[in-house]
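As structure tokens, the structure follows; a few thoughts come after it.
The values are calculated or read from the model by the stated rules, or taken from the named source; none is laboratory data. Note that the structure is a prediction, hence the values are computed from the model and not measured. Glycine gets a Cβ as well: all are built from the backbone with ideal geometry, and neighbour counts include every protein chain shown.
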């Protein structure tokens, strides 16, 4: 009997261990969710960053935004020329004038070459002011803007105004008359008349002499 009892006890223990293994296996299977992947789908990685994709499954390509100038644009006789001048101390002057005849029919590259050539041999006015940068900042068939920067502290500033329809030169205070001229407003362009009506700024002696020489008969 004792032998049979021992055999029975061993069978019970083996059955109990087998049952326990089955229970453990089912418990682990329940805790791990089942995810089905297709053959072509890549398994997730712990180091992969979250990336949003469109519905077609492919990442969107960034649009290549390239701003290009219209090479067909050329200046005409109606193109407006704007000149912006920057002086030491924050003084800034802007004026509009007629495009020089030799600049008509030019594209942007042509004008860049013209300005580069001018920088190598500027006129006496720009030399006095200490021109160190000349840049074409805006170009189109309608308008061209050139920006000039100077580094010299110009000692003399003058303002032009009208007295009895003739140009009068004032000192920097706009009250002290430096000289009166015989330059009548009828000799001047409408744009220049408008500037003088608003006290046109003249920077330096060379610019003043150039203005007087141009309009004095």
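Details
- Within this structure, residue 209 fails the test of being surrounded by 15 or more Cβ atoms within 10 Å (Cβ to Cβ) and either part of a helix (DSSP H, G or I) or over 27 Å from the mean Cα position of the chain (by Cα) (or both).
- Of the residues making up the range 181-188, not a single one is out of contact with any helix residue (DSSP H, G or I) (no Cβ under 6 Å at 6 or more places or on another chain), in the same structural domain as residue 80 (by TED's automatic domain parsing) and assigned to a helix (DSSP H, G or I).
- Within the option set 172, 195, being crowded, with 16+ Cβ neighbours inside 10 Å, out of contact with any helix residue (DSSP H, G or I) (no Cβ under 8 Å at 6 or more places or on another chain) and outside any strand (DSSP E or B) holds for one residue only, 195.
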